[in-house]
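See below for the structure under consideration.
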Amino acid sequence: MSKTLVIIGGGPAGLMAAEVAIDAGLSVSVYEQMPSLGRKFLMAGRGGLNLSHSMASEPFMAQYGESGNWLRPMIEAFNPHALKTWSEGLGQPVFIGSSGRIFPESFKTSPLLRAWLRRLDEKGVSFHLKHRWLGWNEQGQLKFDHEGRDVVVQTDATVLALGGGSWAKLGSNGLWQEILQTNGVMVDPLEPSNMGFHVFWSEVLKERFAGQPIKNVDLKFEDQHSRGDLMITAEGIEGGAVYALSGTIRDSLVENKPVELLVDLRPDLDAESLQAKFEKLKKSLSLSNKLRRIGLSPPAIALLREQALASLSVGQLMALIKAVPLKITASQPIDRAISSAGGVRLDEVDENLMLKTVPSVFVAGEMLDWEAPTGGFLLQACFATGRKAGEGVVIFLA
């Protein structure tokens, strides 16, 4: 009789662990609290499924910050090329976009997820939906609530892949924290990651420009830079360039003190070149027309006009364009974040991702205390840690 593995959580990390384990001959069951699998995975691909990134290894690993060295062996073992090959094996060829990001040719999550679930089903993985994990009973069996009915499951090993704390309505609600802490597992509090921030706007800017992007800006916070698009929202700012700095900004927002982010609206030109272009324009033009002529979009001009411009010299105005200060007052709440930081401390698991205090239980994906920006780095690490947990189970049960 084959050994049994229960995987709790039907996202990318859990499904990858299931595939590794079923291929090794284990009997695998996946339990998911939602009515369908991969809900957050589907939401993540709503604007295009960014599987990974094609950048070189060292800058790739640098995206994980302090967790990079810990994640390195897992991502090197299942790297972007391996993920590309895996996707193609599902009949989902990929392409590399102009930004270096890796997408399936369909650009969507649903075809890949359907093909993946079909393959897992054909291999013998069983799926149990609407099962909410409650922990363990006194006999060490897994407890679930299934539509108001208690379900108890005996297994030889367990993989927890329950996600972080963002997008709770899709299943990642972080309720597992108390269960693990009760069983002696050290968990750092979940915090928002890849989220927007609150900035006080004038009513004019909010009414006219909320929901509009400012293209190709360079953001500077402390000694870090991020280049990309900035999205103006009614509450403040969002967008890929913001998300890349979100962890550092979040950690700096202590004691309710605002922090300052600098926005370079024309990162491709220095202040002197901008001033030369500006001074060549007809003096009869309005300031708004002059700003448009030197390459600023209406949302960028609106952002600039949040500052006091009337008393500025031309040189000061150009310097402001290169460094518009934004006072950030707070992070968006975790449920509006794309992902979360915090979770099971990395020193709580061994090299195979098994909990040191709860033998036979492995952890994968966003439950672990690492974070990364959007751009394919989040999914790459979820796939890689899921694969490592599956391999760890096989080694443990052997």
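Readers should treat all values here as calculations from the given coordinates under stated rules, not as data from a laboratory. Please read all numbers here as calculations on a predicted model, not as lab measurements. Positions of Cβ are generated from backbone atoms using ideal geometry, with glycine treated the same way; all protein chains shown enter the neighbour counts.
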Check your understanding: Could the peptides 171-178, 373-380, 323-330 be put in order, highest first, of the mean number of other beta-carbon atoms found within 10 Å of their residues?
Key -> 373-380, 171-178, 323-330
Check your understanding: Hey, what do the phi angles of the stretch 106-112 turn into as Karplus ³J(HN,Hα) couplings, whole Hz, using 6.51/-1.76/1.60 and θ = phi - 60°, x for Gly and Pro?
Key -> 5, 6, 10, 7, 4, x, 5
Check your understanding: For LYS143, which aspartates and glutamates qualify as cross-link partners when the Cα separation must be under 15 Å and same-chain residues fewer than eight apart are set aside?
Key -> GLU32, ASP156, GLU178
Exercise for review: Neighbouring Cβ atoms within 10 Å as the yardstick, rank HIS131, HIS81, HIS146, HIS198 fewest first.
Suggested key: HIS81, HIS146, HIS198, HIS131
Revision key, fill the gap. Under the Karplus relation with 6.51, -1.76 and 1.60 and θ = phi - 60°, whole-Hz ³J(HN,Hα) for the stretch 2-14, x at Gly and Pro, equal 6, 5, 10, 10, 10, 10, 9, x, x, x, x, 5, x
Point to revise | Radius 14 Å from Cβ of HIS198, net charge of other residues (Lys, Arg +1; Asp, Glu -1) | key: +2
Point to revise | Reduced Cα scattering model of the stretch 197-331, Debye log10 I(q)/I(0), q = 0.14, 0.23 Å⁻¹ | key: -0.62, -1.51
**Study point:** Cα centroid separation, the stretch 8-84 to the stretch 377-395 (Å)
**Key:** 6
Practice item. Can you tell me which of 276-284, 213-221, 4-12 comes out highest on packing, and rank the rest after it, using the mean Cβ neighbours within 10 Å? Key: 4-12, 213-221, 276-284
**Study point:** 222 nm mean residue ellipticity, helices alone, for the chain (DSSP H n ≥ 4; -39,500 (n - 2.57); rounded to 500)
**Key:** -9500 deg cm²/dmol
Practice item. State, as an integer percentage, the relative contact order of the chain based on alpha-carbon contacts under 8 Å between residues 6 or more apart. Key: 24
**Study point:** Set of lysines with alpha-carbon distance to LYS40 below 17 Å, sequence-local pairs under 8 removed
**Key:** LYS108, LYS130, LYS169
Practice item. Take the alpha carbon atoms of the stretch 159-228, find their center, do the same for the stretch 301-371, and report the distance between the two centers in whole angstrom. Key: 6
Practice item. Work out, step by step, the length gained on full extension between LYS143 and GLU207: first 0.36 nm times the residue separation, then minus their alpha carbon distance; give nm to one decimal. Key: 18.0 nm
**Study point:** Beta bridge orientation in the stretch 255-398: antiparallel %, DSSP, nearest 5
**Key:** 90
